[in-house]
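First the structure, in the form of structure tokens, and then the observations on it.
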Amino acid sequence: MPDSRTFVVVGGGLAGAKAVEALRDGGFEGELVLLGAEDHLPYERPPLSKGYLKTGEGMDEATVHPKDWYAEHHVTLRTGTRVTAVDRRAHEVETDGGDRLHYDRLLLATGSSPRTLPLPGSDLEGVLTLRTVEDSDRLRDGFAPGRRVVLIGGGWIGLEVASAAREAGCEVTVLEALDLPLVRVLGPTVAQVFADLHRQHGVDLRTEVKVDAIEGQDGRASGVRLEDGTVVPADIVVVGVGAAPNTGLAESAGIEVDNGVLADAGGRTSDPDVFVVGDVANVEHPFYGHRVRVEHWANALNQPKVVAAAMLDQQVPEPELPYFYTDQYDLGMEYVGLGSPDDDVVVRGDLGTREFIAFWLRDGKVTAGMNVNVWDVVDDVKALITSRAEVDPGRLADPDVPLGQLAAAT
């Protein structure tokens, strides 16, 4: 019998595009609609703060599927279409053009948006955030030797933008409220590596500072005023203080929300016909035994397979461990797992030369690992984490003990 159902996916990013792919690969033969608010074909976002920001090239490779793919797989792709409401009772979504589309099952892949700061001057020209291709274009167009770029926030995006700006010859200042950038994620031992990295590349990294206002001249940002009255001159101000999940659609529809849209391990929300995936999804993770919301690229790449299986009432595969990566100057890094800044840290290698693997341990068990300028070790680190076994910190730190052997031994 032909499948008469219609599945609608709201969100035209990586998660949405991989979800329609996974649904077709999983055998769904009904009508499949993908609605994206941006005018572009669905694309991956990491290049926006990395290679594309620096060169303006590489977005073709970042496009998830070529345009013809959607027609070939009988996916109705509507770009430039924002969904404004979900009518759960009627099983319909409403678009900004006034259209109402029926769904039998709905997948929310609405992503996240950069957080803003309620500061005087935040609406001045030259105050930027980074989320879209156009945002990256504006930043790159503003980078030039001698231009003064001030980053508010020393998180991953802020530091990647700082790296790109310095490589373009800009004078860069990073303003961080805590005593080290990334300290809430990495803890002080490893966070210090990133602080040293940026200072050695000429970034004026100021920690434990509070921003009071963004000052302007003739409608354009001219500086950032700190709590102590200091004004940091700026031609461009980049606000990089994290991202907030786009939960508005779910919340207005009465679906349970708390730091994202709440869902089970298969992405099923409090409405059994509504599912969630990607940045916006706060889902049960079987390995951890609690909810996890992950905003990184790998989650948007891998989670759709899990959610598609649930939407098709198939056996749900085990989700991947969280994973992300960064490139800053000559530092390349991969991080896998879910550590805490309160965990014990064991380092294999040399923090000073920035060639090492850091492990986070809780009760003697590896919770996360980060390889910096050391490659082809992620699978071994995953094995250590998923073994849940206690490891000898001395052997873990010893580069003469092969990680694969250590993982096998545990």
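The values are calculated or read from the model by the stated rules, or taken from the named source; none is laboratory data. Since the structure is predicted, the reported quantities are computational estimates derived from the model, not experimental observations. Glycine also receives a Cβ, built like all others from the backbone with ideal geometry; neighbour counts cover every protein chain displayed.
Is it true that residue 214 is over 26 Å from the mean Cα position of the chain (by Cα), crowded, with 20+ Cβ neighbours inside 10 Å and either polar (S, T, N, Q) or within 29 Å of residue 111 (Cα to Cα) (or both)? I'd like the intermediate steps shown before the answer.
Details: over 26 Å from the mean Cα position of the chain (by Cα): yes; crowded, with 20+ Cβ neighbours inside 10 Å: yes; either polar (S, T, N, Q) or within 29 Å of residue 111 (Cα to Cα) (or both): yes.
For residue 214, the condition - over 26 Å from the mean Cα position of the chain (by Cα), crowded, with 20+ Cβ neighbours inside 10 Å and either polar (S, T, N, Q) or within 29 Å of residue 111 (Cα to Cα) (or both) - is met.
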TODO: Would you check which residues across segment 208-223 are touching a Leu at 6+ places or on another chain (Cβ under 8 Å) and either among the small types (Gly, Ala, Ser) or at pLDDT below 95 (or both) and list them?
DONE: 213, 216, 219, 221
Task: Where residue 179 falls short, out of the listed (1) crowded, with 18+ Cβ neighbours inside 10 Å; (2) part of a loop (DSSP other than H, G, I, E, B) - done: (1)
TODO: Pick out, from segment 43-145, the helices (runs of 4 or more DSSP H) lying fully within it that include 3 or more residues that are within 27 Å of residue 172 (Cβ to Cβ).
DONE: 51-55, 133-142
Task: Residues (on the phi > 0 side of the Ramachandran plot and surrounded by fewer than 18 Cβ atoms within 10 Å (Cβ to Cβ)) located in segment 323-373 - done: 329, 349, 363, 364, 373
- [ ] Identify, from the list 91, 74, the residue that is at pLDDT 95 or above and either outside the structural domain of residue 280 (by TED's automatic domain parsing) or in contact with a His (Cβ under 8 Å, 6 or more places away or on another chain) (or both).
- [x] 91
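Out of curiosity, is residue 309 in contact (Cβ under 8 Å) with a residue 60 or more places away in the chain, farther than 17 Å from residue 49 by Cβ and of a type in the set (A, V, I, L, M, F, W, C)? It would help to see each step written out before you state the result.
Numbers: in contact (Cβ under 8 Å) with a residue 60 or more places away in the chain: yes; farther than 17 Å from residue 49 by Cβ: yes; of a type in the set (A, V, I, L, M, F, W, C): yes.
Yes, satisfied.
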- [ ] Could you tell me which residue of segment 312-332 is nearest to residue 367 (Cα to Cα), considering only residues that are in contact (Cβ under 8 Å) with a residue 40 or more places away in the chain and of a type in the set (S, T, N, Q)?
- [x] 326
TODO: Would you be able to tell me the number of residues in segment 223-235 that are among the small types (Gly, Ala, Ser) and surrounded by fewer than 19 Cβ atoms within 10 Å (Cβ to Cβ)?
DONE: 1
- [ ] Evaluate segment 320-336: report whether one residue or more is over 26 Å from residue 112 (Cβ atoms), modelled with pLDDT of 95 or more, outside the structural domain of residue 159 (by TED's automatic domain parsing) and of a type in the set (A, V, I, L, M).
- [x] no
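Any chance segment 311-319 includes a residue that's closer than 29 Å to residue 241 by Cβ and crowded, with 17+ Cβ neighbours inside 10 Å? So that I can check it myself, show each step before the final result.
Applying the first criterion (closer than 29 Å to residue 241 by Cβ) to segment 311-319 yields 319.
The next check asks that each one be crowded, with 17+ Cβ neighbours inside 10 Å; those that pass are 319.
Yes, that holds for at least one residue.
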TODO: Mind listing whichever residues of segment 95-112 are surrounded by 16 or more Cβ atoms within 10 Å (Cβ to Cβ) and either closer than 20 Å to residue 14 by Cβ or not aliphatic (A, V, I, L, M) (or both)?
DONE: 95, 103, 105, 106, 107, 108, 109, 110, 111, 112
Task: Answer from 177, 234, 250 - the residue that is in contact (Cβ under 8 Å) with a residue 24 or more places away in the chain, touching a strand residue (DSSP E or B) at 6+ places or on another chain (Cβ under 7 Å) and closer than 29 Å to residue 120 by Cβ - done: 234
TODO: Output the qualifying pairs, or none if there are none: Cβ atoms under 6 angstrom, residues six or more apart or on different chains, first residue in segment 52-69 and at positive phi, second residue among the acidic types (Asp, Glu).
DONE: none
- [ ] Could you check residue 199 against (1) in contact with an Asp or Glu (Cβ under 7 Å, 6 or more places away or on another chain); (2) outside any loop (DSSP other than H, G, I, E, B) and say which number it fails?
- [x] (1)
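In contact (Cβ under 8 Å) with a residue 60 or more places away in the chain, in a helix (DSSP H, G or I) and buried (at least 21 other Cβ atoms within 10 Å of the Cβ): is that true of residue 18 in this structure? Let's see the steps before the verdict.
Working: in contact (Cβ under 8 Å) with a residue 60 or more places away in the chain: yes; in a helix (DSSP H, G or I): yes; buried (at least 21 other Cβ atoms within 10 Å of the Cβ): yes.
Criteria met by residue 18.
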